[in-house]
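J.: One structure follows; several queries about it will come next.
The values are calculated or read from the model by the stated rules, or taken from the named source; none is laboratory data. In this text the structure is predicted, and so the values were computed from the model without any measurement. Here the Cβ is made from the backbone with ideal geometry for all residues, glycine too, and neighbour counts use every protein chain on show.
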Amino acid sequence: MTSPNLIILYVKDPAESVGFYRGLLGREPVANAPNFAAFALDGGFTLGLWRRSSVEPQPSALGNRGEMAFMVPGEGSVAARYQEWRGRGLPIAQELTQMDFGQTFVVLDPDGHRLRVCEPDQ
């Protein structure tokens, strides 16, 4: 069986993105080169940040066509994370709101990638 264990975001400036994700994730990158950086995440997953201009083959389109989600357990945890990230001045794309799947909000990283916070699936 094969399971994905790496998500790669194409970014304008990996150094800027490393600063953003270092603060957001509270950890240091495990790889940090001029064109690529990576953060080891819990559960054996890795977040890669690849300089958009050095990606091969070049992507056919750019934009926020997907999201990276952070599921936070515990009553009030989504609202608490919203207050924390808002206090950091992160750009809010969707204010804290109630949806079919529970409380949620969306912030943007320096390249406009959507980062959603929500409750875990039941």
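J.: If you take just the strands (runs of 3 or more DSSP E) that sit entirely in segment 1-94, which of them hold at least 2 residues that are farther than 25 Å from ASP121 by Cβ and outside the structural domain of ASP111 (by TED's automatic domain parsing)? Outline the logic, then answer.
T.: Values: elements: 6-11, 36-40, 46-51, 67-71.
Fully inside segment 1-94 and qualifying: 6-11, 36-40, 46-51.
J.: Does segment 2-12 contain any residue that is surrounded by 13 or more Cβ atoms within 10 Å (Cβ to Cβ), in contact with a Phe, Trp or Tyr (Cβ under 9 Å, 6 or more places away or on another chain), over 15 Å from ARG114 (Cβ atoms) and not hydrophobic (A, V, I, L, M, F, W, C)?
T.: Looking through segment 2-12, none of the residues is surrounded by 13 or more Cβ atoms within 10 Å (Cβ to Cβ), in contact with a Phe, Trp or Tyr (Cβ under 9 Å, 6 or more places away or on another chain), over 15 Å from ARG114 (Cβ atoms) and not hydrophobic (A, V, I, L, M, F, W, C).
J.: Among the listed residues ALA37, ALA61, which satisfies the condition of being loosely packed, with under 13 Cβ neighbours inside 10 Å and under 17 Å from VAL11 (Cβ atoms)? Write out each step before concluding.
T.: Working: ALA37 fails: loosely packed, with under 13 Cβ neighbours inside 10 Å.
One residue alone meets the criteria, ALA61.
J.: Which ones in segment 73-88 are touching a residue at least 12 places away in the same chain (Cβ under 8 Å) and either surrounded by 15 or more Cβ atoms within 10 Å (Cβ to Cβ) or out of contact with any helix residue (DSSP H, G or I) (no Cβ under 9 Å at 6 or more places or on another chain) (or both)? Outline the logic, then answer.
T.: First, pick out the residues of segment 73-88 that are touching a residue at least 12 places away in the same chain (Cβ under 8 Å): 73, 77-79, 81-82, 85, 88.
Those that are touching a residue at least 12 places away in the same chain (Cβ under 8 Å) and either surrounded by 15 or more Cβ atoms within 10 Å (Cβ to Cβ) or out of contact with any helix residue (DSSP H, G or I) (no Cβ under 9 Å at 6 or more places or on another chain) (or both): PRO73, SER77, VAL78, ALA79, ARG81, TYR82, TRP85.
J.: How many of the residues in segment 91-110 are closer than 21 Å to ASP13 by Cα and buried (at least 18 other Cβ atoms within 10 Å of the Cβ)?
T.: Residues in segment 91-110 being closer than 21 Å to ASP13 by Cα and buried (at least 18 other Cβ atoms within 10 Å of the Cβ): 2 in total.
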